[in-house]
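S.K.: Below are the structure tokens for one structure; questions will follow.
The values are calculated or read from the model by the stated rules, or taken from the named source; none is laboratory data. Just so it is clear, the model here is predicted, and its values are computed rather than measured. All Cβ positions, glycine included, derive from the backbone under ideal geometry; neighbour counts span all protein chains shown. Side chains are part of the model used for accessible areas, which takes the heavy atoms of the whole protein and leaves out ligands, DNA and RNA. Shrake-Rupley method; radii C 1.70, N 1.55, O 1.52, S 1.80 Å.
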Amino acid sequence: ETKEPILTVNNIEVVYDEVILVLRGVSLEVPEGAIVTLLGPNGAGKSTTLKAISGLLRTEDGEVTRGQVTFMGETINNRAPEEIVRRGIFQVMEGRRIVEDMTVIENLRLGAYTRRDKGVKDDIEMVFDYFPRLRERTGLAGYLSGGEQQMLAIGRALMARPRMILLDEPSMGLSPLLVKEVFNIIRTINREQGITMLLVEQNANMALRQASYGYIMESGKIVLDGTREELLNNEDVKEFYLGGG
Ligand code: ATP
């Protein structure tokens with residue numbers, strides 16, 4: 001129980017374009033092997049928090065100007081995204097940024113770009129075992145349905161053999177049935193491979209069902225956190241995030 005969390009975000013402040021303060025002291029912890037969710041309204045700073053962890057902030061002129069992001073005991077603030085991938089964190093971006101004019105397999109190989117070992121072929125098979133419908137799609141990824149593109153984006157993350165995956169709104173734009181399917185697979189991957197997950201969602205109901213712990217963010221700050229049960233039973237959470245009742 002007293003094990004160090006695999007990821008610790010300690011009081012980070014994030015600024016875009018040197019002046020726009022978006023995160024105002026955000027702290028959170030993710031235990032190894034857990035699924036933790038980060039919830040909150042549009043524009044609260046959820047995506048920014050994930051990008052501060054993965055290093056992708058740098059590609060948008062953002063910077064962590066205060067505080068620390070610590071992964072497996074080492075500070076990784078403002079490091080290059082490739083280095084953070086090599087250390088074991090892979091972010092699945094919002095809007096499933098797959099490469100539309102490449103095939104499924106080419107997209108999967110992209111996920112393995114930091115690897116030098118020979119296991120890539122086997123891992124493509126592993127991804128197809130998790131997402132059987134991707135195996136049948138031999139054309140360009142741009143022709144995949146929204147749900148299949150989300151599956152491909154997650155599959156590509158697996159190809160990096162990460163210790164931790166940051167998921168930015170995997171349910172966005174999917175039908176309720178597909179949302180269920182995608183979250184089932186995310187849970188299976190977490191269980192079978194022990195990959196730690198930090199899940200950003202607007203769909204609070206769904207997200208809390210997957211996670212053991214949750215944080216709620218508003219206007220660049222964490223305003224509430226607790227176990228799944230604590231949050232599901234919290235009156236404010238019920239009223240503002242779980243659709244009343
Ligand atoms: P959403 O679900 O809409 O993505 P979010 O909680 O993930 O919401 P962020 O995308 O992190 O929120 O955005 C937080 C704030 O930072 C918003 O006010 C947004 O306008 C601002 N912001 C995001 N990206 C940039 C950027 N590249 N440059 C300047 N401001 C940005």
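S.K.: Rounded to two decimal places and with Rh computed the Kirkwood way over Cα pairs, what is Rg over Rh for segment 2-59?
M.R.: On the Cα set of segment 2-59, Rg over Rh gives 0.99.
S.K.: What order, most packed first, do the peptides 120-128, 35-43 have when packing is the mean number of other Cβ atoms within 10 Å of each residue?
M.R.: 35-43, 120-128
S.K.: Picking from Q210, Q150, Q91, which is most flexible by a Gaussian network model of the chain using Cα springs under 10 Å?
M.R.: Highest fluctuation of the listed residues: Q210.
S.K.: Moving to a separate point now. Could you work out the local net charge near Y241, counting Lys and Arg as +1, Asp and Glu as -1, over the other residues with Cβ closer than 14 Å to its Cβ?
M.R.: Once positives and negatives cancel, what remains is -3.
S.K.: What whole-number value in Å² describes the accessible area per residue of segment 117-183 for a 1.4 Å probe?
M.R.: About 45 Å² of surface per residue is accessible.
S.K.: Cut-off under 15 Å on the C-alpha distance; same-chain residues fewer than 8 positions from K238 excluded. Which aspartates and glutamates are left, in chain and number order?
M.R.: Cross-link targets: D225, E229, E230.
S.K.: Mind pulling the per residue volume of the convex hull built on the Cα atoms of segment 41-131? Å³ is fine.
M.R.: Measuring per residue, one finds 144 Å³ for the Cα hull of segment 41-131.
S.K.: So which GluC sites (Glu not before Pro) in segment 135-194 end up in coil per DSSP with only 16 or fewer other C-beta atoms within 10 Å?
M.R.: In loop regions of segment 135-194 (DSSP not H, G, I, E or B), the sparsely surrounded GluC sites (Glu not before Pro) are E136.
S.K.: Considering only the chain, what is the antiparallel percent among its DSSP beta bridges, to the nearest 5?
M.R.: Roughly 60 percent of the beta bridges in the chain run antiparallel, per DSSP.
S.K.: Oh, and also: Could you check the spin-label model distance between S145 and N205? Points 7 Å from the Cα along Cα→Cβ, value in nm.
M.R.: Computed distance between label sites S145 and N205 equals 2.1 nm.
S.K.: Tell me, in nm to one decimal, what length is gained between Q68 and L242 on full extension, where the rule is 0.36 nm per residue of separation less the Cα-Cα distance?
M.R.: Extra length from Q68 to L242 when fully extended: 59.5 nm.
S.K.: Hey, any idea what % of segment 137-245's accessible area is carbon plus sulfur with a 1.4 Å probe?
M.R.: Of the solvent-accessible surface of segment 137-245, carbon and sulfur hold 47 percent.
S.K.: Moving on to the next point. Residues of segment 33-76: accessible area per residue at 1.4 Å, in Å²?
M.R.: Here the per-residue accessible area is 37 Å².
S.K.: Taking a cut-off of 19 Å, what percent of all Cα-Cα pairs in segment 71-173 are separated by more than that?
M.R.: Above the 19 Å cut-off, segment 71-173 has 42 percent of its Cα pairs.
S.K.: Can I ask one more? Which loop trypsin sites (Lys or Arg not before Pro) in segment 84-115, with loop taken from DSSP, have no more than 10 other Cβ atoms within 10 angstrom of their Cβ?
M.R.: Listed in order of number, the matching sites amount to none.
S.K.: Can I ask one more? Of T138, T65, T8, which has the most accessible area with a 1.4 Å probe, and how do the rest follow in descending order?
M.R.: My answer, sorted largest first, is T138, T65, T8.
S.K.: Taking Cα centroids, how far is segment 58-103 from segment 179-203 in Å?
M.R.: If we compute the Cα centre of each part, the gap is 19 Å.
S.K.: Okay, which of segment 168-201 sit inside 17 Å, backbone N to the point 7 Å along the Cα-Cβ direction of E32?
M.R.: 190-198
S.K.: Related question: GNM, the chain, Cα, under 10 Å: largest mean-square fluctuation among L167, L108, L144?
M.R.: L144
S.K.: For the chain, how big is the tail of P(r) above 34 Å, as a whole percent of Cα pairs?
M.R.: Here the long-distance tail beyond 34 Å is 13 percent of all Cα pairs in the chain.
S.K.: Roughly how compact is segment 110-245, stated as its Cα Rg over 2.2 N^0.38 Å to two decimals?
M.R.: That works out to 1.17 for segment 110-245.
S.K.: Moving on to the next point. Test of understanding: what is the full-extension gain from D129 to Q193, defined as 0.36 nm times their sequence separation minus their Cα-Cα distance?
M.R.: Additional length available on full extension: 21.7 nm.
S.K.: Now, a different point. Using 0.36 nm per residue, how much length does the chain from S212 to R58 gain when fully extended, once their Cα-Cα distance is taken away?
M.R.: Contour length minus Cα-Cα distance gives 52.4 nm.
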